[in-house]
There are 2 protein chains.
Amino acid sequence: MAGERENEVPRQPRSRRKMQSVTMMDVADYAKVSPSTVSLYLRRPEAVSASAGSAIARAIEKLSYVPNLVAGGLAAASSRAVSIIVPSVRNAFFAETVAAMQTSLRKERLQVILGHTEYDEKEEEDLVRTALSWAPAAIVLTGLCHSEATRRMLTKAHVPVIEIWELGGPQIDAAIGFHHDQVGIAAAKHLIQQGKRRLAFLGARLHEDRRGKQRCDGFVEAARQAGVSVEIVQHPASASAEVGGMLLRDALQIVPDLDGVACSNDHIALGALFECERLSMSVPEKLAIVGFGDLSFSAACNPPLTTIRPSGDLIGREAARLIVGHMTGKEQEQKVSIDTRFTLLHRRSS
Amino acid sequence: MAGERENEVPRQPRSRRKMQSVTMMDVADYAKVSPSTVSLYLRRPEAVSASAGSAIARAIEKLSYVPNLVAGGLAAASSRAVSIIVPSVRNAFFAETVAAMQTSLRKERLQVILGHTEYDEKEEEDLVRTALSWAPAAIVLTGLCHSEATRRMLTKAHVPVIEIWELGGPQIDAAIGFHHDQVGIAAAKHLIQQGKRRLAFLGARLHEDRRGKQRCDGFVEAARQAGVSVEIVQHPASASAEVGGMLLRDALQIVPDLDGVACSNDHIALGALFECERLSMSVPEKLAIVGFGDLSFSAACNPPLTTIRPSGDLIGREAARLIVGHMTGKEQEQKVSIDTRFTLLHRRSS
DNA sequence: TGGCGAAATCATAGCGCTACGATTTTTAAA
DNA sequence: TTTAAAAATCGTAGCGCTATGATTTCGCCA
């Protein structure tokens, strides 16, 4: 890195690896203040006099100083990083939340460190362990279900933990999300209200997708309570339009006079819609379809898809708000839980 | 945190904030070796004798020691973090790459730090600045176009830089991706081969989406060279099925006897497909449609969508490979460029 | 048994910054 | 003016770890 070894001294006592060429010390020298003042200025500009402030600002500009957050994190015993652990960013729901969080956190100069569990509890445990070694300002996890070891590490570490996208179970610190069983209930009630009486839930990967399963359970429960026939048709693969088509075919085999389906998400619903088209089954007359997610294509289908929209971005923004509140000491409450709700969008597929 | 202040000394010289309760020192004491040996064991287990190794392993297990990567990063002048800056993770393409990278990097115990530019060059500059203050092992950027300040910072910082998802321009260090103009050319050639002679390119947000624009340009150029009529129809909003429908209507207004369209991505193509359905326009007989991306729904549409598949995951894996190679010193080459190619999937929409 | 090179281990000096407590300067009240 | 209180600034001891070079231990042959 820095080429500082070729000088006249026959042998230097120690050749140190340097991280950066210009440090806070250099800025302090240039601005004729002490390093502490520079540090203070960087963290709480309002605590420094206007004259010192502008001198420091000029020095930073002149030397193009970039603070070393790693050193800062070590000294402060907490880094300006937030660790977010989601099942997968390929999933549009989580991508939306991650994007919203990152946007909100950036304003507070917090960085997002990302990890994917791929729906594996052991992987999550590992990711949490690594996350902790970064001494993050907060850790964000998906869902309320974690291994015992994960919970133990988190409670021992004294890091604020936020669990997102699920509500209604034992939470570690804060939780932000909604009740997935209520989504299922809303879908069932809606279909029944539309006069449908032979229902099915089309689900992908329900053995791994806890929240999908909750929606399914809510749906089945509500249908049963209303005295309406209901079946669960599922497939172990992850959700896609192809799987949706297959599931609808399977469902029609089991319940030939099927007249309403709820799907674990809009990918499945879209596939079901395409399958109806292929089978010349009129939607919603012969079969009503309700999805989940309100994905990018949902409003543009033929017919437009009735779906339930969660607010993934709101979850992200609220999580960021909580983290920032916690850091600034405003938010004292630990065990908050925020219900971000969901909306049923009644479009023409039902 | 650590409760070490209640001892007999009337007043301690300094109350220090502690990051963690059990440090490498504790492990060393427990295992009866020096801290250096523990550090060595953690970084290169094979350099430590079997007896010392197992003693250390036992100590780590017993004390449930979690190494502090922040301290490690400071001491080593480079952290085990890789900063990835993409326009948006909501975009399925980048989500796929990010996911693949994170999976590959995890095996080498490298963390992903994520940032979104939202297609804003100034934002990118800011993100790069912050990224640098983490002293990452590498920085991954999207595309080859960056502000002058960004380039300056990066070259000055001596960090390996990898630019992804674009090839064919001046690159900083390594670049991994493909030539987008060739995608456009492939789409045009394909449509012409199918006997189509009145073409249009349906594009969303082409003013911001550089790579979409490149595909568009390639398409138009190839069509012109073949002596085939071609129009560009665009919309400033970001890609969605709704915009796709609108664009197709616009296109038909401009070119009533339109017989082939290429779309800036599959969202647009899907919208066009739906619009055809509404207009009772047979696909591919009256109108052939080619998309880009091979998104989750593309194979399941009616008719299945002909599209061009980039390999987003391969880009991610290759990037990870390069980074790891660089860290271990295997990969010496700087200015490599890796062409990950693309595939035209001829399905029934053309 | 001695001696030598290789392997294993160690002691130490920071990496760049922040928080603490102390000191200096400024402000306002007496 | 004096003086207390408030505001601004400073000096410094680590935060926990790694890289370096030095030292010790080991394996092996003469």
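Specify the residue with the greatest mean-square fluctuation among A:ALA71, A:ALA55, A:ALA175, computed from a Gaussian network of chain A linking alpha-carbon atoms under 10 Å apart. Between A:ALA71, A:ALA55, A:ALA175, it is A:ALA55 that shows the largest mean-square fluctuation. Per-residue shielding of B:45-55, expressed as the average number of other chain Cβ atoms within 10 Å of the residue Cβ, stands at 0. Computed over the alpha carbons of the range A:80-207, Rg followed by Dmax gives 17.0, 55 Å.
A label point on B:ALA47, set 7 Å along the Cα-to-Cβ line, lies at 4.0 nm from each of its counterparts in the other copies, closest listed first. For B:ARG80, neighbours were defined as the other residues whose beta-carbon sits under 13 Å from its Cβ, and their charges (Lys and Arg +1, Asp and Glu -1) total +3. Ellipsoid fit via the Cα gyration tensor, the protein assembly as shown: semi-axes of 48, 33, 22 Å, each the root of five times an eigenvalue, largest first. Centre-to-centre separation between the Cα atoms of the range B:280-316 and those of the range A:263-296: 19 Å. Exposure proxy ranking for B:GLU148, A:GLU208, based on other Cβ atoms within 10 angstrom of each Cβ and starting from the fewest, stands as B:GLU148, A:GLU208. Annotation: the antiparallel percentage among DSSP beta bridges lying fully within chain B is about 10. A cut-off under 11 angstrom between Cβ atoms defines the neighbours of B:THR343, and their net charge, with Lys, Arg +1 and Asp, Glu -1, is +1. Distance between the C-alpha centers of the range B:34-68 and the range A:191-222? Whole Å please. Using only Cα atoms to place each centre, the spacing works out to 50 Å. Take B:GLY169, push a point 7 Å out from Cα through the beta-carbon direction, and compare it with the same point in every other copy: 4.5 nm, smallest first. Local charge for B:ARG106 was computed over the other residues whose Cβ lies under 14 Å away, with Lys and Arg +1 and Asp and Glu -1, and equals 0. Taking the number of Cβ atoms within 10 Å of each Cβ as an exposure proxy, the fewest-first ranking of B:PHE342, B:PHE297, A:PHE292 is B:PHE342, B:PHE297, A:PHE292. Enclosing the Cα atoms of the range B:180-310 in their convex hull gives a volume equal to 87 cubic angstrom per residue.
Counting, for every residue in B:92-103, the Cβ atoms of other protein chains within 10 Å of its Cβ and taking the mean gives 4.
Peptide B:62-73 is shielded by partner chain Cβ atoms: per residue, an average of 6 of them sit within 10 Å of its Cβ. Under the membrane-span-like helix rule (DSSP H runs whose alpha carbons stretch at least 15 Å along the helix axis, mean Kyte-Doolittle hydropathy 0.5 or higher), chain B yields B:50-63, B:92-106, B:241-254.
Counting every C-alpha pair in chain A, the share spaced more than 32 angstrom apart comes to 46%. Nearest-5 percent of antiparallel DSSP beta bridges in the protein assembly as shown? Expressed as a percentage, antiparallel bridges in the protein assembly as shown total about 15.
Annotation for A:GLN253, label-to-label distances across the other copies: 4.8 nm (shortest first, one decimal, point 7 Å from Cα along Cα→Cβ).
For the range A:167-212, would you read off the P(r) tail past 18 Å as a percentage of all alpha carbon pairs? Summing the P(r) of the range A:167-212 above 18 Å gives 46 percent of all pairs.
Please report, to one decimal in angstroms, the Kirkwood hydrodynamic radius of the range A:24-67 built from all distinct Cα-Cα pairs. Don't skip to the end; give the middle numbers.
Working: mean 1/r = 0.1022 Å⁻¹.
So the Kirkwood estimate lands at 9.8 Å.
Residues B:HIS267, A:HIS207 in ascending order of nearby Cβ atoms (within 10 Å, fewest first): A:HIS207, B:HIS267. Over the protein assembly as shown, DSSP H runs of length four or greater, each weighted -39,500 (n - 2.57), average out per residue to a 222 nm ellipticity of -13500 deg cm²/dmol.
Where a number appears in this text, it was derived from the coordinates with a stated rule and is not lab data. What you are looking at is a predicted structure, and each value in this text was computed from that prediction instead of being measured. Cβ atoms come from the backbone with ideal geometry, glycine included; neighbour counts cover every protein chain shown.
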